[in-house]
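Trainee: Dumping the structure here so I can ask a few things about it.
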Amino acid sequence: MKISVIGAGYVGLVTGGCLAGLGHEVVCTDSDAEKLKTLESGRLPIYEPGLDVVIAHARKEGRLSFRANGAETVQFGDAIFICVGTPPLPNGSADLSAIDHVARLVATEARTPKLVIEKSTVPAQTGQELKRALAVYGRKSGVAFRVASNPEFLREGTAVEDFLHPDRIVVGVEDEVAEKQLKEIYRPVLERTFTCPVHSGKCPDVPLPAWLVTTINSAELIKHASNSFLAVKISYANMVADLAEKLGADIEEVVRAVGMDPRIGRSFFHAGIGFGGFCLPKDLQAFVHLAEKSGVDFSMLKEAENINKRRINRFMEKIRRALWVVKGKQIGVLGLAFKPNTDDIRFAPAIDLIHELLKEGAIVRAYDPEAMEKAQPVLPQIQFGKSAYEAAEGAEALLIATEWEQFRKLDWERVRDSMVRPLILDGRNLLSAKQMKGHGFEYYSMGRPD
Ligand code: UDX
């Protein structure tokens with residue numbers, strides 16, 4: 001199929017790249033001309049494992065191109081994926097002005113019937129507004145539009161994998177034609193007939209995805225309800241961690257056993273300094289706002305958000321207790337990204353943590369395998385190490401703020417010998433207390449006995 005993708009951010013690039021990888025012809029546009037130039041030159045504006053391979057391959061095969069001209073992009077596809085940003089407004093609700101802008105562009109530039117698919121995370125009932133906007137702006141053209149919702153469940157760091165091997169594909173539609181078109185788009189994923197661009201051409205042995213057809217309103221709600229549930233689950237683990245600390249229990253032992261109940265599940269059940277990123281915190285806020293607007297007091301979600309906001313304070317308390325005085329102390333921070341395998345620092349707990357440390361007068365040297373370039377402009381006051389070892393050198397405490405796998409495998413004796421005081425505060429429970437003590441460290445973590 002011929003497909004247009006509007007928005008070349010995380011969601012748009014993964015969607016466009018993977019759809020082209022499935023054999024469709026894709027044209028992608030963005031309002032940011034610089035970003036398009038970067039993409040045209042063969043570079044990626046983001047770090048996302050496997051995406052470079054997918055995009056380079058699709059471009060080489062001539063199935064993916066980037067175009068600055070929005071009108072041409074709209075005219076190209078029979079289906080148009082809207083992948084623009086929906087950032088939070090000061091009141092927590094989602095800013096939908098980019099969606100409105102796209103609706104105007106599509107309605108005025110389309111010359112043939114289009115299936116317009118919302119992929120961006122939007123509050124329930126946005127699909128209805130989108131339909132109305134397309135009808136209003138396109139009333140003179142007489143072009144027919146169908147609207148569908150196809151929420152993404154892409155995790156940064158494994159987005160390509162999630163797109164090609166999802167556990168479910170949700171399509172919110174209003175008629176069979178839209179459903180059929182979407183099925184055609186996703187057929188290679190549903191039947192797994194594509195050549196896997198990652199995993200050296202061989203797909204992992206995971207079940208085929210479920211195909212779920214719902215109303216547009218339900219599809220929009222499914223996305224919000226999924227992300228908010230994950231946020232609640234993490235905050236729950238964090239509260240149990242606080243209690244475990246008081247009672248002398250070990251949160252890792254607790255969540256492991258609790259999560260073995262298949263009704264609960266072990267994933268997304270890890271305590272630490274909280275969840276971040278551009279999706280979970282923002283979607284949680286937008287969901288609270290949507291509930292309030294609909295006359296439903298979803299206080300449980302507000303509490304999940306409050307618990308998350310308090311995580312950095314909890315960690316700071318530990319740092320103060322261990323260091324006695326924070327002012328003037330050199331502190332090493334390992335990790336800046338909001339989670340491993342990404343360079344994304346948006347709403348990253350690590351960044352909030354460093355701001356708190358700076359407020360208290362600490363001297364910070366940080367290291368992250370991928371996120372330093374993005375962190376430099378927002379943290380001009382700190383030093384950046386070329387390696388984890390450099391971040392630790394001369395420090396009186398080393399903090400773990402993002403659970404990069406490579407931090408687990410450091411030469412800890414080298415780290416210990418280079419520090420002024422061998423003290424580790426592990427905000428992600430990445431390391432084993434026993435092993436770190438064995439290496440001669442004083443070691444504190446979250447919800448585990450000190
Ligand atoms: C999320 C959703 O998972 C994805 O389905 C959706 O489409 C987009 O939003 P992402 O933003 O990539 O994906 O991040 P995610 O993997 O969900 O992690 C969010 C945060 O939660 C990270 O800061 C992570 O460190 C934290 N986290 C995760 C925990 O603190 N504990 C956990 O058990 C799991």
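Trainee: In whole Hz, what ³J(HN,Hα) sequence does the stretch 430-436 give by Karplus (6.51, -1.76, 1.60; θ = phi - 60°), x for Gly and Pro?
Mentor: 7, 9, 8, 4, 4, 5, 5
Trainee: While we're here: Considering only DSSP states other than H, G, I, E and B, which trypsin sites (Lys or Arg not before Pro) in the stretch 189-286 qualify as loop sites with at most 16 other Cβ atoms within 10 Å?
Mentor: Within the stretch 189-286, the qualifying trypsin sites (Lys or Arg not before Pro) (loop, at most 16 other Cβ atoms within 10 Å) are Arg192, Lys202, Arg263, Arg266.
Trainee: Roughly how many Å² is the accessible area per residue of the chain, as a whole number, for a 1.4 Å probe?
Mentor: 45 Å²
Trainee: Sticking to Cα atoms, compute the Rg of the stretch 223-309 to one decimal and its Dmax as the biggest Cα-Cα distance, whole number, in Å.
Mentor: Every Cα atom of the stretch 223-309 included, Rg and Dmax give 13.7, 43 Å.
Trainee: Does the stretch 136-214 come out rounded, prolate or oblate, given a ≥ b ≥ c as the square roots of the eigenvalues of its C-alpha gyration tensor, rounded meaning a/c under 1.5 and, failing that, prolate meaning a/b above b/c?
Mentor: Prolate shape, in that a/c is at least 1.5 and a/b is the bigger ratio.
Trainee: Let me ask something else. Would you pull out the residues with amide H under 5 Å of Ile363's amide H, same chain only if 5 or more places away, H placed 1.01 Å from N?
Mentor: Residues meeting the criterion, in which the H sits 1.01 Å from N, are Gly328, Lys329, Gln330, Ile331.
Trainee: By its C-alpha gyration tensor, with a ≥ b ≥ c as the square roots of the eigenvalues, how is the stretch 311-444 shaped: rounded for a/c under 1.5, else prolate for a/b larger than b/c, else oblate?
Mentor: rounded
Trainee: Let me ask something else. Could you tell me what percent of the DSSP beta bridges with both partners in the chain are antiparallel, to the nearest 5?
Mentor: Beta bridges within the chain, antiparallel portion: roughly 5 percent.
Trainee: From the backbone phi of the stretch 64-81, what are the Karplus-calculated ³J(HN,Hα) couplings (6.51 cos²θ - 1.76 cosθ + 1.60, θ = phi - 60°) in whole Hz, Gly and Pro given as x?
Mentor: 9, 9, 10, 9, 6, 7, x, 4, 4, 5, 4, 5, 5, x, 7, 10, 10, 8
Trainee: Relative contact order for the stretch 273-326: what is it in percent, counting Cα pairs under 8 Å that are at least 6 residues apart?
Mentor: With pairs under 8 Å counted, the relative contact order is 39 percent.
Trainee: Mind running the shape call on the chain? Use the C-alpha gyration tensor, a ≥ b ≥ c as the square roots of the eigenvalues: rounded below 1.5 for a/c, prolate if a/b tops b/c, oblate otherwise.
Mentor: prolate
Trainee: Pop out the carbon and sulfur fraction of the accessible area of the chain as a percent, whole number, probe 1.4 Å.
Mentor: That fraction is 53 percent.
Trainee: May I ask which residue of Val296, Val240, Asn341 lies farthest towards the positive end of the charge dipole of the chain, with charges of +1 (Lys, Arg) and -1 (Asp, Glu) on Cβ and the Cα centre as origin?
Mentor: Val296
Trainee: Let's see if you can work this out: charge +1 on each Lys and Arg Cβ, -1 on each Asp and Glu Cβ, no other charges. What is the dipole magnitude of the chain about its Cα centre, in debye to the nearest 20?
Mentor: Here the size comes out at about 200 debye.
Trainee: Please list 3J(HN,Hα) in residue order for the stretch 272-277, calculated via the Karplus relation 6.51 cos²θ - 1.76 cosθ + 1.60 where θ = phi - 60°; whole Hz, with x for glycine and proline.
Mentor: The phi angles translate into x, 8, x, 8, x, x Hz.
Trainee: Next question. Gaussian network model of the chain, Cα springs within a sub-10 Å range: biggest mean-square fluctuation belongs to which of Glu161, Glu72, Glu25?
Mentor: Its mean-square fluctuation being the largest, the pick is Glu72.
Trainee: Just want to confirm a number: the relative contact order over the stretch 2-214, from Cα pairs under 8 angstrom separated by 6+ residues, in percent.
Mentor: 20 percent
Trainee: Just want to confirm a number: the relative contact order over the chain, from Cα pairs under 8 angstrom separated by 6+ residues, in percent.
Mentor: Rounded, it is 12 percent for the chain.
Trainee: Any of Lys246/Lys329; Lys2/Lys282; Lys114/Lys183; Lys233/Lys434; Lys339/Lys386; Lys37/Lys374 with alpha carbons more than 23 Å apart? Name them for me.
Mentor: Violating the 23 Å limit, Cα to Cα: Lys246/Lys329; Lys2/Lys282; Lys233/Lys434.
The values are calculated or read from the model by the stated rules, or taken from the named source; none is laboratory data. Because the structure is predicted, anything quoted here is derived from the model rather than measured. Here Cβ is always computed from backbone atoms with ideal geometry, including for glycine, and neighbour counts include all displayed protein chains. All accessible areas refer to the heavy atoms of the entire protein, side chains included, with ligands and DNA or RNA removed. Shrake-Rupley method; radii C 1.70, N 1.55, O 1.52, S 1.80 Å.
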